[in-house]
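Let me begin by presenting the structure, written as structure tokens, before commenting on it.
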Amino acid sequence: MTTIASALQAVKERIATCAKAAHRPPQEIQLVAVSKAFPASKIEEAYRAGQNFFGESYAQEGLEKILALKSLPLEWHFIGPIQSNKARLIAEHFSWVHSVGRSNIAERLSQARPAGWPPLQVCIQVNISGEASKSGVAPEELVSLAKYVQTLPRLQLRGLMAIPQPTSDFELQRSRFRQLRELKDALAAEGNLLDTLSMGMSQDLEAAILEGATIVRVGTAIFGNRKSSGRGPE
Ligand SMILES: *Cc1c(COP(=O)(O)O)cnc(C)c1O
């Protein structure tokens, strides 16, 4: 049986090997361990193996684990769809949100972020062609949403995120991640310098790193298969 520690090590080796092939320093690529559907005890096990950044997709489920593990120095990333009635919970308990796709959600997150805390670190989720989920802003609307997010006092815009449809075609994986990188480059050309590309999961992290990912979000390859929970939207 593989332990979380050995699985984590294997993922770090994949990242390092690929970073080398891409002529990038491996420390430029941050690993967020996606712990959705796994209990706090597994997160603690990953922490003992050296992992500090964790991603959750469901606000309530994430909150329970955040509270249970409050004594550990963990950094929590919200990566799932954001319902407006969950914006406060997310803004009060997570450090990062990768899945901002609409201006009204951004506004609510900013309003709910407690004063005196560091700003919430956010990525805009973009619905690139072949995006697996329906969330995310259309590429044509990205510039105006990015400009809007940058006006919000309690948010710090860090970059872009996407979730392409799973495919085993490596070139197709790369071309979809390339689209996201080109959108980031286009924003930079207009003076919006962002440092984060959140892209790549268990199946496609190599393609993402070759195209410039700075955060990969990896669940299955660390924690194993998730039992299908039959969970509907929150
Ligand atoms: C579940 C999830 C992941 C992790 O996917 P794996 O295939 O298990 O690595 C990454 N990002 C998002 C947004 C997710 O919902």
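Can you pull out the residues in the stretch 202-212 that are within 11 Å of the ligand (Cβ to nearest atom) and surrounded by fewer than 22 Cβ atoms within 10 Å (Cβ to Cβ)?
Once the filter is applied, which keeps residues that are within 11 Å of the ligand (Cβ to nearest atom) and surrounded by fewer than 22 Cβ atoms within 10 Å (Cβ to Cβ), the stretch 202-212 yields SER202, GLN203.
Under the condition of being assigned to a loop (DSSP other than H, G, I, E, B) and within 15 Å of the ligand (Cβ to nearest atom), which residue from the stretch 141-165 is surrounded by the fewest Cβ atoms within 10 Å (Cβ to Cβ)? Write out each step before concluding.
Restricting attention to the stretch 141-165, the residues satisfying the condition of being assigned to a loop (DSSP other than H, G, I, E, B) are 152-154, 162-163, 165.
Subsequent filtering for residues that are within 15 Å of the ligand (Cβ to nearest atom) retains 162-163, 165.
On the way: ALA162: 27, ILE163: 23, GLN165: 13.
Checking each candidate, the answer is GLN165.
From the residues in the stretch 28-50 that are open to solvent by less than 60 Å² (accessible area, probe 1.4 Å) and without any contact (Cβ under 8 Å) to a residue 40 or more places away in the chain, which one is farthest from ASP204 (Cα to Cα)?
ALA40
Quick check: is even one residue across the stretch 13-20 polar (S, T, N, Q) and within 27 Å of GLN156 (Cα to Cα)?
Step one: of the stretch 13-20, the residues polar (S, T, N, Q) are 17.
Those still in the list that are within 27 Å of GLN156 (Cα to Cα) too: none.
So far as the stretch 13-20 goes, no, none of its residues is polar (S, T, N, Q) and within 27 Å of GLN156 (Cα to Cα).
So which of ALA33, ALA19 ends up being farther than 30 Å from LYS147 by Cβ and outside any helix (DSSP H, G or I)?
One residue alone meets the criteria, ALA33.
Looking at the stretch 20-56, which of the residues that are of a type outside the set (Gly, Ala, Ser) and in contact with an Asp or Glu (Cβ under 8 Å, 6 or more places away or on another chain) is farthest from LYS227 (Cα to Cα)?
Among those residues, the one meeting the criterion is ASN52.
For residues that are within 16 Å of the ligand (Cβ to nearest atom) and open to solvent by less than 20 Å² (accessible area, probe 1.4 Å), scanning just the stretch 180-201, find the one that is farthest from THR3 (Cα to Cα).
LEU180
Is it the case that VAL126 is within 16 Å of the ligand (Cβ to nearest atom), in contact with a His (Cβ under 8 Å, 6 or more places away or on another chain) and either at pLDDT 95 or above or within 18 Å of VAL216 (Cα to Cα) (or both)?
Here the answer is no, as VAL126 does not meet what is asked.
Is there any pair with a first residue in the stretch 189-217 that is at positive phi and a second that is part of a loop (DSSP other than H, G, I, E, B) and among the charged types (D, E, K, R) whose Cβ atoms are under 9 Å apart and which are 6 or more apart or on different chains, and what are they?
Hits for this filter: GLY200/GLU211; GLY212/ARG24.
The values are calculated or read from the model by the stated rules, or taken from the named source; none is laboratory data. None of the values given here were measured: they were computed from a predicted structure. Ideal geometry is used to build each Cβ from the backbone, glycine not excepted, and the neighbour counts take in all protein chains shown. Side chains included, ligands, DNA and RNA excluded: accessible areas come from the protein's heavy atoms. Shrake-Rupley method; radii C 1.70, N 1.55, O 1.52, S 1.80 Å.
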